[in-house]
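Take a look at the structure set out below.
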Amino acid sequence: MDRPRLCARPACGNPATATLSYDYATSTVWLRELDSDPDAPGNDLCLPHADRLRVPRGWALDDRRTPIVALRPPLAV
């Protein structure tokens, strides 16, 4: 039986939705859809932690997750 993949952040038990990986040589962080291979290198993050991810000054964040497109515009208030 497969175990659900959880967020790698301490004390977070939310299901993982994204995989984070990084390269020190290029100072780049990649955030992509959850890797299908649970043993692939990287750290799994839940949606809130992935959305709030901030990288160190001088590093680049390359968010490769599929954007969510609204089906209809938000209602005017």
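The values are calculated or read from the model by the stated rules, or taken from the named source; none is laboratory data. Keep in mind that this is a model prediction, so the values were computed, not measured. So basically every Cβ, Gly included, is an ideal-geometry build from the backbone, and we count neighbours across all protein chains shown. All accessible areas refer to the heavy atoms of the entire protein, side chains included, with ligands and DNA or RNA removed. Shrake-Rupley method; radii C 1.70, N 1.55, O 1.52, S 1.80 Å.
A few remarks follow.
Here's the yes/no breakdown for (1) within 13 Å of the chain's Cα centre (by Cα); (2) basic (Lys, Arg):
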| position | (1), (2) |
| --- | --- |
| ARG52 | yes, yes |
| ASP63 | yes, no |
| THR66 | yes, no |
| PRO74 | no, no |
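- Complete set of residues in segment 21-77 that are modelled with pLDDT under 95, more than 21 Å from ALA11 (Cα to Cα), open to solvent by less than 50 Å² (accessible area, probe 1.4 Å) and of a type in the set (Gly, Ala, Ser): ALA40
- Segment 1-20: number of residues that are in a loop (DSSP other than H, G, I, E, B) and surrounded by 12 or more Cβ atoms within 10 Å (Cβ to Cβ): 8
- Whenever a residue of segment 7-20 is touching a residue at least 12 places away in the same chain (Cβ under 8 Å), it has no partner that is of a type in the set (D, E, K, R) and open to solvent by less than 20 Å² (accessible area, probe 1.4 Å) lying with C-beta atoms less than 8 angstrom away and at least six residues away or across chains.
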